Every structure is written in structure tokens, then in C-alpha cells.
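The values are calculated or read from the model by the stated rules, or taken from the named source; none is laboratory data. Model, not experiment: these values are computed from the prediction. Every residue, glycine among them, receives a Cβ derived from its backbone with ideal geometry; neighbour counts consider all protein chains shown.
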Amino acid sequence: MDRKIILHRWMNDMRGALLEEGKVVEWLFDTPSEGPQPGMIFRGQVVDVLPGMDAVFVDIGAEKNGFLYKKELVSYHRSINEADGSGAEKPISSYMTKGQWINVQVKKEETGSKGAKLTELLSFPGKYLVYLPEANYVAVSKKMNDEVRDEWRAQAREWLENDEGIIIRTVAEDRSSEEVYEELSRLKDTYQEVLSIGKQTSKKTMMLYNDSSLMDRVIRDFLDDENTMVVVDQLDDYQYIKKHEHKQSLSKVELYRGKEDIFTHYDLHKTMEKSLKPFIWMKNGGSLQIDHTEAMTVIDVNSAKFIGKQGLRETALKLNVEAAKTIADQLRLRDVGGIVLIDFVDMSSDEDRAEVLKVLRNQLKKDRTMTSVLGFTKLGLVEMTRKKTRKTLQESLLRSCSVCDGTGKVLKEEEIAREMEIAISSLRNLEEDAVLIEVAEKVYTLYKTEARSRLARIEEQSGKEIYLNKSNTNTFTIRIIGSVEEVRKRWEGQG
């Protein structure tokens, strides 16, 4: 499979696109100003112990305190591995105290009002393996055959000491044990450096380690395939990749020298805009509506223009199969994480429902992020999860609307008009004879057409002459209350 990674840098911001067979399948972001990122390790201080939640808040120098559960503590895991397993029953206060200084790693970046989710169980990812200083287990990629997995598992156990753990990645399958061990040694050295820096800054919040930069992730995760090409638009980035890529790397690295920006050249700006829209047309004429909430993502499948050529059962199955493929692709493209509920078009056959789930699971295998499809609920909805570590595409690029408070909805013109009329009526006991009001354009149009008589009635009830001007807001504002001459002069000056 041909794969291309396009990287575009602007000032301190870097973003990219992962293309497979010419189609964008993932967006990649590196925004240093957005706080703690997954993989970063910090020296932090416990600022609050929460017995009722078996967790602590940790100050890591970010805007929001990080959140650390008991099950993410090294001391907790050591205690439950004791002979009697008594550690599982101990409260969080047995392990952590307020004011204590610890090293923690970001598991999940902060979102909304929630701080970053933290762990004391540090991990150091490499190209061939992930080194886990306190994990006390060995895992090998299931994509290898059983015989090779057993060989790597035995080899890894010989390398580890004390409570160390390791995860052997798929790309290690065709590498020599010497090459993989060399990387393990380097990651162990990195861990010791982190510990050393932490001791030197024992009572100061600071970042100890960062491998979350987009450049480093690309080098680590993608430069191992002869069918992969990385295209960058800055000479410094090109030189950085060439300097740090592994000597066995098979990927090609290219410096883009075009006159237009690289995203324009590959037509990625328009593609990104489409990725932000909640409504999606499918190839067969069906459509999807993807809505995000604080708790979950909800996806609705609609037949739209797809009418099928056979019976209702066959039409529903074909529509849902195409929807399953599209949904899997969109979850990856938009980096949607957490709980996902999918409302497919109704199917009465268990066989058809099983087929749709099979297609969905197969398409999700292309996703580098862990997913789990649980199946249909009693209400006929498919429930699934996708591991969330980073912000979704929407969270990275959009903010809540100041007019609608992020709901995507605003008051109808009739409701705004009603509220305005009540406000005018409350002025009836004032001595002034006129009022100037700025209103949303649609409300202004309403009063100049079908609601003209309403304006006359409210003038009669309030005893005020009413002058309206259009504004760019989505509500109304009473600008001035005064004599008819004073208000009219102001109105004519603004009109």
C-alpha cells in the first residue's frame, strides 16, 4: 500500500496529513502551545487527595491540575503483587500524601474543564519496542505468528531486570535481536536520565521528557516501510528527519520546493474543511450525521438519496454496509475517541446485523488506535469505543460559538422579537417618548414585513415611538431612550 505523509510547518505550528492510496486517512498535529501532550513526563506535586474517588490532583505546571487514579500508581501495583494481594483494599491515602513530589506521564491530554489524565507507570516507545520500567510483564505483537512471538517473548525475558516490562512491536519481527536490544538499551538510558533530572529538581514542577513532537512521532511510527514517502516543506525539518531516521529506514524523504504552500498543492485545505462538517454524503447516496457531546459521539445513518434496486431488506443491508465502512474511516480521520453510538437503518435480520458488525470491525483494523465494537443494544444501536488520547479534529481546530454557546442553535426571530417587546413594555412608565433599538437583521426584516402590526401595537401599549436599526448581533440592544427628536436624530445618523 502506497503511503505518503505531508508535513507543513508555519511558525511554531506543524500539521500534516497521512495519505493511503492518495486518500487522507489521518490528520496529524503538533501545537506546542496547547499544554501537556500524551507521552510527556513531568515532575509534579500532589495538591489534593480524593479518598472518595481513589485519586489525587497533581500540579504539573499546566493551567489545570492533572488527575491521577490509584490504579496508575507504581506503589499500588507493587502492593497488589504481594503474596496476599492486600494492596487492592488500601485507600489512596496509603500511597499518596498532599505535598508529595512524583514523576508522572500524560496518558490523555486535557479537554474542556478536565485536566490531563496521568500515570506513574512510565513508558518509553521506540520503533521496535516500548520499554516499561515498572510494568513487570512481556507482551509481543499478535500480528506475528505464534512461533516468532514465543521466540521474542523468551528473548525479552532474558533482557529484563527486576520489575521491568516490554512490548515488542510488529516491526521488530524481521530485525535482529542485537538491533532491538540496542534500542532497549537506549530507552533504558533515557529513563535513567529522566530519574536523574527529577532528583535534581526535586521540588519544582517541570517537564522531564517529551517525545510527543510530530516530527519524532513520524520518525518513530512511519519510517520503516519502503512504500512510505514523507514530504516536508522546510529545510530544517528535512535535515532533522535525515539526521534522526534509523539507519535501516526504507522510507523516502522529500523536500517540497513548490511556490504554493504544500497543503494547497495537495488540495488538503478543502479536505480538512470537509472533515470538520457534521454531515457527510456517502458514495451510494446515503448520508451520515456525526454529532459530538461531552459524553459520547452519536452517528445517525440516513438513506437520503439511496433507494436501492431490490427489496427493503437488501436496500437496508447495502446502505448499512457502506455506512459501516465510512464510519470506520471517519472515526480515524476525525480522531474521535471515547464512546460512540451508531444508529444504523433498521434491520430485522440477525444475519444482516452480524454482517454489518463484521464489515465495521474489518474496516477498523486499518486504524492504528485501539477500538472495540460491543455490538447492537436492545434499542438497535451499535455501541463501540475508540481509545482517546488526543483531542479530536474538532477540538483542535474549532471553539464554541459565543452566540449559541456551542449548542449550534440560536433563538428564533419570533422569540427574540417577543423578548424585545416585553423589554419595551417595561419602559412604559418612563417620561421619555422614544426608544432606539438595534436588532438582528432577521428580526428587523420580520418587523418590516409580517410583524409590522405588532410594532404598532407595542408602540401604543408602551407610549413610545420605536426606531429600529439592523446590527450584526443575534439579539437586540436598547441603544438610547429619549425624546423623539433626540432618538430620531441618532437613528437617522446610524441608518
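Descriptive notes on the structure:
- Residues satisfying the stated conditions in the stretch 1-42, i.e. of a type in the set (Gly, Ala, Ser) and touching a residue at least 24 places away in the same chain (Cβ under 8 Å): Gly16, Ala17, Gly35, Gly39
- Complete set of residues in the stretch 192-211 that are touching a Lys or Arg at 6+ places or on another chain (Cβ under 9 Å) and among the hydroxyl-bearing types (Ser, Thr, Tyr): Thr201, Ser202, Thr205
- Applying a threshold of 8 Å to beta carbon distances and a minimum spacing of six or more residues, or different chains, the list of pairs starting in the stretch 224-236 at a residue that is without any contact (Cβ under 8 Å) to a residue 40 or more places away in the chain and ending at one that is among the hydroxyl-bearing types (Ser, Thr, Tyr) and surrounded by 14 or more Cβ atoms within 10 Å (Cβ to Cβ) reads Glu226/Ser251.
- Filter pass, Lys4 being basic (Lys, Arg) and buried (at least 18 other Cβ atoms within 10 Å of the Cβ): yes
- Just one of the numbered conditions (1) touching a Leu at 6+ places or on another chain (Cβ under 7 Å); (2) part of a helix (DSSP H, G or I) is not true of Gly375: (2).
- Helices (runs of 4 or more DSSP H) contained in the stretch 391-495 and holding at least 1 residues over 30 Å from Glu273 (Cα atoms) and free of Cβ contacts under 8 Å to residues at least 40 places away in the same chain: 413-425, 441-448, 452-462, 484-494
- Glu294 falls short on exactly one of the conditions (1) closer than 23 Å to Asp2 by Cα; (2) surrounded by fewer than 17 Cβ atoms within 10 Å (Cβ to Cβ); (3) acidic (Asp, Glu), and that condition is (1).
- Restricting the first member to the stretch 123-142 and to residues that are assigned by TED's automatic domain parsing to the domain that holds Tyr76, and the second to residues that are of a type in the set (Val, Ile, Thr) and at pLDDT below 90, the beta-carbon pairs closer than 7 Å and six or more apart or on different chains are Lys127/Val171; Tyr128/Val171; Ser141/Thr170.
- When restricted to residues that are touching a Ser or Thr at 6+ places or on another chain (Cβ under 7 Å) and either surrounded by 14 or more Cβ atoms within 10 Å (Cβ to Cβ) or of a type in the set (Gly, Ala, Ser) (or both), the stretch 423-436 contains 6.
- Any pair with Cβ under 8 angstrom, 6 or more apart, that starts in the stretch 77-91 at a residue that is farther than 16 Å from Ala55 by Cα and ends at one that is basic (Lys, Arg) and modelled with pLDDT of 65 or more: Ser79/Lys90
- Flag for Leu357 being out of contact with any Asp or Glu (no Cβ under 8 Å at 6 or more places or on another chain), surrounded by fewer than 16 Cβ atoms within 10 Å (Cβ to Cβ) and farther than 30 Å from Thr407 by Cβ: no
- Qualifying residues in the stretch 124-137 (those that are in contact with a strand residue (DSSP E or B) (Cβ under 9 Å, 6 or more places away or on another chain) and buried (at least 20 other Cβ atoms within 10 Å of the Cβ)) - the one nearest to Ser75 (Cα to Cα): Ala135
- In the stretch 230-273, residue surrounded by the fewest Cβ atoms within 10 Å (Cβ to Cβ) [restricted to those that are in a helix (DSSP H, G or I) and of a type in the set (Ser, Thr, Tyr)]: Thr264
- Pairs with Cβ under 6 Å, 6+ apart, first in the stretch 205-221 and assigned by TED's automatic domain parsing to the domain that holds Trp27, second in a strand (DSSP E or B) and surrounded by fewer than 16 Cβ atoms within 10 Å (Cβ to Cβ): none
- So Met384, is it over 27 Å from Lys107 (Cα atoms) and buried (at least 16 other Cβ atoms within 10 Å of the Cβ): no
- One residue alone among Leu411, Leu341 is of a type in the set (A, V, I, L, M) and at pLDDT below 90, and that residue is Leu411.
- The criterion of being outside any loop (DSSP other than H, G, I, E, B) and either closer than 27 Å to Ser212 by Cα or assigned by TED's automatic domain parsing to the domain that holds Glu459 (or both) does not hold for Val356.
- Considering the stretch 136-229, the qualifying strands (runs of 3 or more DSSP E), each wholly inside and each with 3 or more residues that are closer than 21 Å to Met40 by Cα, run over 165-168, 206-209.
- Counting only residues that are among the hydroxyl-bearing types (Ser, Thr, Tyr) and at pLDDT below 95, the stretch 98-122 holds 2 of them.
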